[in-house]
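The values are calculated or read from the model by the stated rules, or taken from the named source; none is laboratory data. All values reported here derive from a predicted model rather than from experimental measurement. As a convention, Cβ positions derive from the backbone with ideal geometry for all residues, glycine included, and neighbour counts pool all protein chains shown.
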Ligand SMILES: [Fe+2]
């Protein structure tokens with residue numbers, strides 16, 4: 001419903017069960033260039049409004065059957081933007097107050113004085129016009145804020161993408177790890193019938209889970225020998241570093257908790273907090289299965305990649321100790337019985353099929369195992 005501010009274009013709905021009063025109000029309003037539709041009852045008024053909404057409804061309070069309070073309530077419920085003026089007998093102030101409480105904008109008393117009626121219409125129209133303008137600006141502002149928020153989010157996500165790529169470029173063995181973990185995690189979440197919100201959160205947590213490795217020196221990341229205890233301590237800090245880096249921009253606490261907890265173990269022997277069982281956040285418990293699977297099926301500087309079946313055996317062995325048993329079962333089924341997972345491999349890396357047809361990404365010059 002649009003109103004351009006000119007009284008001549010405004011349609012009023014006037015409602016009164018007394019034909020003489022109705023006729024007088026309509027004639028008066030028309031003489032002031034208000035276009036009118038007239039109803040003899042509250043229900044007839046609703047029918048008229050269903051066909052043609054008007055910015056203002058003027059209604060008698062006391063009508064047989066459905067009265068003015070019913071009409072005000074109904075109009076306010078269905079079309080809250082419509083302004084309602086109630087005409088009431090002077091002694092009926094309680095009912096008039098009820099009308100105001102039900103959403104009427106104003107009332108004036110019988111016997112009707114035309115100059116009062118005209119004033120009520122003009123000022124109601126003025127208020128209506130201001131409210132519409134305010135609403136228009138508010139909606140515009142909300143649209144702009146939503147657009148800018150989407151843009152900021154897009155910018156943020158593309159910065160994060162390049163941060164993840166930069167991180168993985170430092171360590172050729174984990175190249176593409178985050179994207180693969182994300183794909184496995186999404187498939188796991190789908191197989192578990194998790195809701196859309198959780199799937200979206202898991203997808204983001206998977207993409208970002210190792211971002212804290214940016215704080216781990218390359219010499220440690222690419223060390224071909226086993227790490228010393230001190231070096232392990234540095235690596236073990238990466239979930240907390242990741243959470244700290246992302247906290248100012250990822251305001252979803254479940255995603256942050258998933259990142260912080262992706263090296264926790266069901267038996268409580270993980271890090272950084274040594275949480276056990278259901279105390280480990282859901283996203284972390286989910287993430288750890290595909291994370292571990294991808295780590296096992298890709299080569300590292302210090303060991304070759306495992307075959308898919310060997311990696312699944314490791315997951316099964318860790319079920320109930322490192323991993324949530326149900327998640328392992330579903331993941332194993334997914335890998336052994338599901339359609340092959342699509343992997344996008346980085347340039348300079350080859351895809352090798354394992355004995356289950358599952359693609360494994362290895363640097364072209366460093367194929368350490370062939371399944
Ligand atoms: Fe990690």
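Please go through the stretch 258-287 and pick out each residue that is assigned to a helix (DSSP H, G or I) and either buried (at least 24 other Cβ atoms within 10 Å of the Cβ) or in contact (Cβ under 8 Å) with a residue 24 or more places away in the chain (or both).
Residues satisfying the conditions are 258, 259, 260, 282, 283, 284, 285, 286, 287.
Looking only at residues in the stretch 242-257 that are within 20 Å of residue 165 (Cα to Cα) and surrounded by fewer than 14 Cβ atoms within 10 Å (Cβ to Cβ), the one that is farthest from the ligand (Cβ to nearest atom) is 249. Quick one: which of 239, 217, 224 is under 37 Å from the mean Cα position of the chain (by Cα) and away from the ligand (no atom under 14 Å from the Cβ)? Only one candidate passes the filter, namely 217.
Of all the residues in the stretch 227-236, those that are away from the ligand (no atom under 11 Å from the Cβ) and assigned to a helix (DSSP H, G or I) number 6. In the set (1) more than 47 Å from the chain's Cα centre (by Cα); (2) buried (at least 16 other Cβ atoms within 10 Å of the Cβ), the condition left unmet by residue 19 is number (2).
Given the criteria modelled with pLDDT of 95 or more and assigned by TED's automatic domain parsing to the domain that holds residue 204, does residue 281 qualify?
yes
Of all residues in the stretch 181-212, those being part of a loop (DSSP other than H, G, I, E, B) and within 16 Å of the ligand (Cβ to nearest atom) number 2.
Of 100, 109, which residue is part of a strand (DSSP E or B) and free of Cβ contacts under 8 Å to residues at least 60 places away in the same chain?
Going through 100, 109 in turn, the sole match is 109.
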